Every structure is written in C-alpha cells, then in structure tokens.
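What follows is a single structure, written as structure tokens, with notes after it.
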There are 2 protein chains.
Amino acid sequence: MSSPPITSLQNQRVKDAAKLRERRQRDKQHRILIDGVRELRRAITAGVALREIFVCEPLCRTVEARRLLDSLDSCGAEILPVTPEVFAKLAFGDRAEGVLGVARTPAARLDDLKPPSGALVAVVEGVEKPGNLGAVLRSADAAGVSALIAAGHGVDLFSPNVIRASLGTVFTLPVAAASAEETKRWLAERSFRVFAARVDAERLYTDVSYAGDAAIVLGSEAAGLSDIWSGPDVTPVKLPMCGAADSLNISAAAAVIFYEALRQRQSR
Amino acid sequence: MSSPPITSLQNQRVKDAAKLRERRQRDKQHRILIDGVRELRRAITAGVALREIFVCEPLCRTVEARRLLDSLDSCGAEILPVTPEVFAKLAFGDRAEGVLGVARTPAARLDDLKPPSGALVAVVEGVEKPGNLGAVLRSADAAGVSALIAAGHGVDLFSPNVIRASLGTVFTLPVAAASAEETKRWLAERSFRVFAARVDAERLYTDVSYAGDAAIVLGSEAAGLSDIWSGPDVTPVKLPMCGAADSLNISAAAAVIFYEALRQRQSR
C-alpha cells in the first residue's frame, strides 16, 4: 500500500462504489459491495472476482483486519487506500471495519450447481427480507447443507444486507437464483426428494427421512409457498407449534429442519 | 367508543404514553407500550394489566383488528379514541395497526415462576438485542418451553422491540428477569439438569437427554456465557458447525436445541 490515500469525496471510483448501495446500480454495473473483514475474507477464499478493495488503515484495528490486510496483495484486486472521511462515505452503517470490496456479481446459475451425491439442498421461495435470507444462509452453512437456491423473481442474493446477515457465507456456500419452475425441474431431473415446510402439513418434520438427495423448501412468512410446491412429488412437513403463536420465523424454522436432517444423517 | 377522539398532540395522556418509547420512562412510570393487534390480543389473553388503549378506528382495517376492537370493552382498560395524526405520534415505525396499549409492567419475578413437573426452561444470559431476545421467546413458545428466564443485569424484557419480535409471546410464556446467580440457584433448588450451549463444548446437543426437569442456557454471540455456567453441575453442549462460519445466531441455535428437546420428549 504505497500509493497515497484517496482524500476526495468526489473521486470517481469512490462515487461509483458508493452507488453500489443501490440495487439498480448493482444490476447495471454487475458489481457488488462487500463490507467487513469476515465477509471479505470469505469472498476471497471462495474465489469471488474482486476488482478493488478500499482500505482505511486507521480503522483496521482488529487482529483479523491486520491479517486480512497482509494477505490482500495476492488476491488480485487493486488496493485503494482512503482517508477515514472517504471511508465513511463508502461504508455501511456502523460497520466501519476499514475494508470494503467491490467485486463482480457472482453468476449464481442453477446449472453451475454440482451438488454431491446424497446432497441436502435448501430452497427458499420469495424471501425478500435480506436479514431473513442471510440468516437462512448462515444456518444452511452451519448445518452442512450442500447448496441453497433462492427461488422466485428478482431475488437480490448479493445485496449488502444479505452478505452481512449471512456473515459472508453467501460466498462460501454454493448458491443459485432461479424461478420456482426452473428450480423444481432441476430438482426433479436429479431425482431429489422434495420436502416443503408448511404450517398446514399433516406430517411432522421429524417423521420423514432426509436420507439421499433431499431438498427442503421454505417460503416467506407472509406469502407462504406457491402452488408449484404442492402435488404428489412434494412431501409437506410441519414443525409442531405448541404455544400461542402460529408460526416460526423462517430462519428459525430453517435451522430446525436443516439440523434435524443433519442429525438423521450423522446418526446413520 | 362513544367519546370523541383526542385530536391534540399536546394531550397529556398522549404525551405520557409517547414517552414510554424510552426505557428510562418505562422504568420510572412502571408502564409499558404494546403495539399491534396480535401483541395486544396476547397481552389481554395473558391477563396483563392494561390501563388504557389508544384506538384509531380508521387504521383498524383487518378482520383481526375489528375483532379485537369488539372485545376491548371487557378488558378493563380505558379506551381512548384518537385521530390518525395523534396515533402517528404514538405508534411505532411502520406498525400502524390502529391500536396501542399502555399496561403496568408485568412483574416477571423468578419466584412467581411455577414450572410443571418435567419442565423445559430456557435461560438466556446477556442477550441485549431486542430482536434476538424476541426471536428466542417466539421459538421457546413454539417449542413448548415452560418458561424463559432472562439472566443478567438490566434486561429490558418488555421493550417495544422485544414485544414486537416475540409477537406478544413475551406475555403468554411465563418469563422472569433475574441475575445469573439467582437463576442458577433457582434451578439448583429445583434439581434442574442444566445444559449450556457453548461453541467449545465436546458433546453434541443431540447426545444428551433432555428428559425430566431440564434447563437450556444460551449466551449472546458477542459475550458468550459467564463463568457461572461452568463446573460439574452444568453440561456443555454444542451444535455441529459444518461450514465456513463458526457460530449460529442465538435465535437459530435456541430454536434447534428447543426443538431437539421437544423431539426427544415427544418420541418417548
């Protein structure tokens, strides 16, 4: 980092990067923003195509941040030192960890997913709240899910809030965005058994076997699942609801089912 | 609701209620605010001592809201109609469901908890983010947990955000706030077996039995659990972490362990 820091808020590269907070600009530029040390580290590990990394050294206070800085030279991105004032313009809310990456938007194509034999795949349909989508990704990563497919139209899989809520696991976990129809066909072609979480299901989620190639489909709390996830080739399952409320948050429901599948698989 | 609506933003009761968004005022007035139809309905069901309910009829558009309005006369609170302008001053963010209750702060004393024989009790220590605390409450309610104890100093168990994130289950589930020391003594006096979720535990959460009187202790992601939850009378358990991230969100971890306990109990 020998070059002098960018000091001007009017610097074109700073302005272009700051615009990437808006989805329209991300779609137009085919680029995304990656905030935070952990998130950037996971993106680099996953081979995300980083173009540039803004670095504000005075804000890189943690051991992890220093370690990341030491490793940046080999990641292929251009390193752009900036002053704290410039970084404040670029950074997201309270996340002033001193590093911010700009990367090419990962492809996230369904046909690029190559799940192993006996894969557990998560499908989330119509989940638009980035916090929920990120939390499901994080639980899927933890529970050893092989891939996550965001089904529906216009899912913003790499928004800064999804990246943040997922702790960067949106990069390390194989992910795809596709329509519900494409997703269902993809699963059928690969002979996945499909389980759909529904509050009105008759079978408990613990009364089915998730062995072999299995997919767990979850919808948003507000909209539920579309009709495509009904029919003889989909097994509806429910979580017992013992209390006053009639549903769980999607990220809690996802974690419970993913971990039940893991428990069954590990005890076999 | 025959009285004319309050139209003045300077009305003293409106001003007193609006102040209850601040914790200091809640502690001083010994009152809390309850936003939302579902939350208010659950508070009434649970016997929370409601003092007054501000109602803005034009905003009560849903069937649930109309049904709640019809039942308010019998709940003992004074009903105060207000104009949309006044309601906007009182209401929380985007939650304009047309009803807002002011209630006496529930006691939430440890000694008032009377768990049944074979109870599963949840303990959360040092969880300060209201969204997380509310989500854990919601999962505890769903999984049939008998009571939840918020351990630590100064937990704000009935903040508007906890009420909201819990969907009002903070009223229907028996809850208490106490120090960690008091909580541990309370559990020991009742011969609870205590399981503490720790990332460094050796045993998996699925390799223990939650039969009988059992407590599950969870800490915040940032601070973990205090030393009081170590020692021979506490069994540390962990969730398998199969991916890139090294921990789960507390509400996801809580849901997974609560539901594993429920699974074991229901399959016996």
>> Given axes a ≥ b ≥ c from the Cα gyration tensor, I'd like to know whether the range B:12-104 is rounded (a/c under 1.5), prolate (a/b larger than b/c) or oblate.
In response: oblate
> Counting Lys and Arg as +1 and Asp and Glu as -1, each charge on the Cβ, what is the dipole of chain A about the Cα centre in debye, to the nearest 20?
Replying inline: 480
>> Below 20 Å, Cα to Cα, which lysines can A:LYS28 reach? Residues fewer than 8 away in the same chain don't count.
In response: A:LYS15, A:LYS19
> Hey, got the dipole for the protein assembly as shown? About the Cα centre, +1 on K and R Cβ, -1 on D and E Cβ, debye to the nearest 20?
Replying inline: 360
>> I'd like the trypsin sites (Lys or Arg not before Pro) in the range A:89-178 restricted to DSSP loop residues with at most 13 other Cβ atoms within 10 Å, sorted by number.
In response: A:ARG109
>> Could you compute how fast the protein assembly as shown diffuses translationally, taking Rh as the Kirkwood radius over C-alpha pairs and applying Stokes-Einstein at 4 °C with viscosity 1.567 mPa s? Give it in µm² per second.
In response: 52
> Between copies, how far does the label point of A:ASP112 sit from its twins, in nm, shortest first, when each point is 7 Å from Cα along Cα→Cβ?
Replying inline: 5.6
> Between A:ARG203 and A:VAL63, what is the spin-label point distance in nm, taking each point 7 Å from the Cα along the Cα→C-beta axis?
Replying inline: 4.8
>> To the nearest 20 Debye, how big is the dipole of the range A:170-253 about its Cα centre, given +1 on the beta carbon of each Lys and Arg and -1 on that of each Asp and Glu?
In response: 180
>> If you restrict to DSSP beta bridges whose two residues both lie in the range A:12-104, what percentage is antiparallel, to the nearest 5?
In response: 75
> If you build the Cα gyration tensor of the range A:87-196 and take the root of 5 times each eigenvalue, what three semi-axes come out, in whole angstrom, biggest first?
Replying inline: 28, 13, 12
> Between the range A:94-138 and the range B:28-67, how many Å separate their Cα centres?
Replying inline: 38
> Looking at B:TYR205, B:PRO160, B:ILE250, which one has the Cα that reaches farthest to the positive end of the dipole of chain B (charges on Cβ: Lys, Arg +1; Asp, Glu -1)?
Replying inline: B:PRO160
> Between A:VAL63 and the same site in the other copies, what are the distances in nm, shortest first, taking label points 7 Å from Cα along the C-beta direction?
Replying inline: 5.8
> Ranking A:LYS238, B:LYS15 by Cβ neighbours within 10 Å, fewest first, what do you get?
Replying inline: B:LYS15, A:LYS238
> Going by a ≥ b ≥ c, the root eigenvalues of the Cα gyration tensor, does the range B:152-252 fall in the rounded group (a/c under 1.5), the prolate group (a/b larger than b/c) or the oblate group?
Replying inline: oblate
> Tell me, A:LYS114, B:LYS19 in order of fewest to most beta-carbon neighbours within 10 Å?
Replying inline: A:LYS114, B:LYS19
>> Once you place label points 7 Å from the Cα toward the Cβ at B:ALA222 and A:GLN10, how far apart are they in nm?
In response: 3.9
>> Could you work out the relative contact order of chain A? I mean the mean sequence separation of Cα pairs under 8 Å and 6+ apart, divided by the number of residues, in percent.
In response: 20
> Do you know the relative contact order of the range B:110-266, to the nearest whole percent, from alpha carbon pairs under 8 angstrom that are 6+ apart?
Replying inline: 30
> For chain A, what does the alpha-carbon gyration tensor say about shape, rounded, prolate or oblate, given a ≥ b ≥ c as the root eigenvalues, a/c under 1.5 as rounded, and a/b over b/c as prolate?
Replying inline: prolate
> Between B:ASN11 and the same site in the other copies, what are the distances in nm, shortest first, taking label points 7 Å from Cα along the C-beta direction?
Replying inline: 5.5
>> Taking the beta-carbon count within 10 Å as an exposure proxy, list A:LEU59, A:LEU262 from fewest neighbours to most.
In response: A:LEU59, A:LEU262
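Readers should treat all values here as calculations from the given coordinates under stated rules, not as data from a laboratory. Keep in mind it's a predicted model, so treat the numbers as computed, not measured. No Cβ is skipped: glycine too gets one built from the backbone with ideal geometry, and neighbour counts run over all protein chains shown.
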